[in-house]
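Notes follow the structure.
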Amino acid sequence: MTETTSIRPTRRAFLRLLALGGGSLALAACAPAAAPSPPAAPKAAPTEAPKPAAPAATPAPAAAATTAPVATQAPAKQGKVILNIWAHWAGKQDEVWRALIDDFNKSQSDTEIKLSNIPLADMWTKVLAAIAAGSPPDSYTSAAMIRPELVKEKTIDPMDKYGKRPADMYKVFDVQTVIDGAWYGVPTNGGLCALFYNEDLYKKMGLDPDKPPTTWDELTTQAKKLTDLGQNQFGIAVPAKPYSWTVEVWYGFLLEAGGEFLTPDNSQSAFNSDAGVQALQFWVDLIQTHKVAPLASLDNNGLLSNYQTGKVGIFPYYPVATTTVATYSMKSRTAPLPKKARQGTHFAGGYMPMMAGGKNKEALWKFFDWWMRPENNARWCAETGGLPIRQGATDHQLYQDYLKKQPMVKAFLDSMDFAKPLPMVIGISEMEQVVSEAIESAVYVKAKSKDALDHAATKVNDVIKKYK
């Protein structure tokens, strides 16, 4: 049975989001990994917990845009239906995206897409401003989920009357796009968290690279063997910077411990359960007790930079990093996150909704249908590192050839069956920030794991109430 989510925010909640400029989900699973800065060797864990840097000041709300972003495509030919699509891709992803759009445009006699590039950090604010101004694009690339507030306020349209989801589309995408039985967005690709590990370092430290950790105990044991503090060498590195991506990585460990982020009806916090405490204490122990992970406020780029030095044995990340990691001097492999009570990992991806204010919905569906064809999605994923949206794309020869060249992707595909998104609720980005601060607090021994999570649970419950 298709899993659905019931969304019941009020008009007041949506207007608050418009006034605040909304929150942007910083999910590296579907955004390109920025090129890491020159790597520095990880620092050994200090004897006293350092004070974390003061949080950056909250920026003032962005004013509503008076004009839409400038399109970066050439003007369309006369007589064609014009589709305006905003995308947040950068680097290689932007290059491949534009090539695919050019191919679509060349294949059509009556439809043409005009592209605008909007940075991911600005996309949500721009979309809200365009909706408020009555001039939204026909579609845009949404990170992580179809935003539920847009569904509630009917600013995006269900697409069932235009066409059907492919029968072989992976069901995990339904959690992010199917609401109250209606389908609200076309996936671009999937992303989930797994382990990268240094094959060369495994061999150097006497470990078998054919046997990566499959349990938390094995992860601890192997991390100890990979650690040499005298050489600033650590068995594992995990994120500790207080921002959403830290929570998304930790969420996989929460699932593995048997926990959940919210209660089944999304009405209260659930991450401060015994399972949540175990998941957080596991990270604390890796850093503070076993000293196999550096005590540092690492973000996604910090993990890549530290791993690139060859002084880190294992780190969690998403498939978009495979192309980057493959360029490093050492050989690397991947494995699913190790389990405790069960298997689990965080799932995200990219999505394209049909904006209710768009004027060319039949033409937009034509593009969506073209995009979901196995050959097109296989090309996108093979050239950008994303996970395919359907079995047909995975089975396509183009993607199978990619898997032969890039075997590190297999662990991510193997994790699809037990990957789970964060709850699709209004305010999730605020909740992630609160929990990330709790993780940082526990890791730096400013609070016990249970106390940190209980404090965060109270604040998250307040966020839930705010948007009811």
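Restricted to segment 205-228, and to residues that are free of Cβ contacts under 8 Å to residues at least 60 places away in the same chain and not in a loop (DSSP other than H, G, I, E, B), which residue is farthest from PRO316 (Cα to Cα)? It would help to see each step written out before you state the result.
Kept after step one, since they are free of Cβ contacts under 8 Å to residues at least 60 places away in the same chain, are these residues of segment 205-228: 206-208, 210-211, 217, 221, 225, 228.
From what's left, not in a loop (DSSP other than H, G, I, E, B): 217, 221, 225, 228.
Working: ASP217: 16, THR221: 17, LYS225: 18, ASP228: 20 Å.
Only one residue tops the list, namely ASP228.
You will find that of LYS114, LYS126, LYS106, LYS154, the residue that is assigned to a strand (DSSP E or B), within 20 Å of TRP86 (Cα to Cα) and open to solvent by 10 Å² or more (accessible area, probe 1.4 Å) is LYS114 and no other. Of the residues making up segment 343-358, one or more are within 21 Å of CYS193 (Cα to Cα), buried (at least 24 other Cβ atoms within 10 Å of the Cβ) and among the polar types (S, T, N, Q). Listed conditions (1) among the aliphatic types (A, V, I, L, M); (2) farther than 16 Å from LYS359 by Cβ; (3) open to solvent by 30 Å² or more (accessible area, probe 1.4 Å) are all met by ILE131, apart from (2). Against the numbered list (1) closer than 30 Å to GLN268 by Cα; (2) within 17 Å of the chain's Cα centre (by Cα), PRO388 comes up short only at (1). Restricting attention to segment 373-403, the residues that are open to solvent by 10 Å² or more (accessible area, probe 1.4 Å) and touching a Gly at 6+ places or on another chain (Cβ under 6 Å) total 1.
Can you say whether ILE426 is touching a helix residue (DSSP H, G or I) at 6+ places or on another chain (Cβ under 7 Å), touching a residue at least 40 places away in the same chain (Cβ under 8 Å) and assigned to a loop (DSSP other than H, G, I, E, B), as far as the supplied structure shows? Yes.
Residues that are more than 19 Å from ALA348 (Cα to Cα), within 24 Å of the chain's Cα centre (by Cα) and either in a loop (DSSP other than H, G, I, E, B) or at pLDDT below 85 (or both) do occur in segment 137-148. Note on segment 333-379: residues that are polar (S, T, N, Q) and either in contact with a strand residue (DSSP E or B) (Cβ under 6 Å, 6 or more places away or on another chain) or without any contact (Cβ under 8 Å) to a residue 40 or more places away in the chain (or both) amount to 3. Each residue in segment 318-342 was checked for being touching a Leu at 6+ places or on another chain (Cβ under 8 Å), at pLDDT 95 or above and not aliphatic (A, V, I, L, M), and 4 of them qualify. Could you tell me whether any residue of segment 213-223 is buried (at least 24 other Cβ atoms within 10 Å of the Cβ) and more than 27 Å from GLU432 (Cα to Cα)? Among the residues of segment 213-223, at least one is buried (at least 24 other Cβ atoms within 10 Å of the Cβ) and more than 27 Å from GLU432 (Cα to Cα), which makes the answer yes. Candidates in segment 174-204 are the residues that are small (Gly, Ala, Ser) and part of a loop (DSSP other than H, G, I, E, B); of these, the one that is least open to solvent (accessible area, probe 1.4 Å) is GLY185. Please verify whether PHE271 is in a loop (DSSP other than H, G, I, E, B) and among the aromatic types (Phe, Trp, Tyr), treating the condition exactly as stated. It is true that PHE271 is in a loop (DSSP other than H, G, I, E, B) and among the aromatic types (Phe, Trp, Tyr).
Just need a number here: residues in segment 284-329 that are in a helix (DSSP H, G or I), polar (S, T, N, Q) and closer than 23 Å to GLY386 by Cβ.
Looking only at that region, the number is 7.
Looking at VAL445, VAL460, just one residue is farther than 19 Å from GLY349 by Cβ and open to solvent by 10 Å² or more (accessible area, probe 1.4 Å), and that residue is VAL445. Among the residues of segment 229-245, those identified as part of a loop (DSSP other than H, G, I, E, B) and open to solvent by 30 Å² or more (accessible area, probe 1.4 Å) are ASN232, LYS241, PRO242, TYR243.
Within segment 276-300, which residues are in contact with an Asp or Glu (Cβ under 8 Å, 6 or more places away or on another chain) and either closer than 19 Å to VAL175 by Cα or open to solvent by 10 Å² or more (accessible area, probe 1.4 Å) (or both)? The one that is in contact with an Asp or Glu (Cβ under 8 Å, 6 or more places away or on another chain) and either closer than 19 Å to VAL175 by Cα or open to solvent by 10 Å² or more (accessible area, probe 1.4 Å) (or both): SER297.
The values are calculated or read from the model by the stated rules, or taken from the named source; none is laboratory data. Remember, it's a predicted structure, so these values are computed and weren't measured experimentally. Glycine gets a Cβ as well: all are built from the backbone with ideal geometry, and neighbour counts include every protein chain shown. Calculation scope for accessible area: heavy atoms of the full protein, side chains included, ligands and nucleic acids excluded. Shrake-Rupley method; radii C 1.70, N 1.55, O 1.52, S 1.80 Å.
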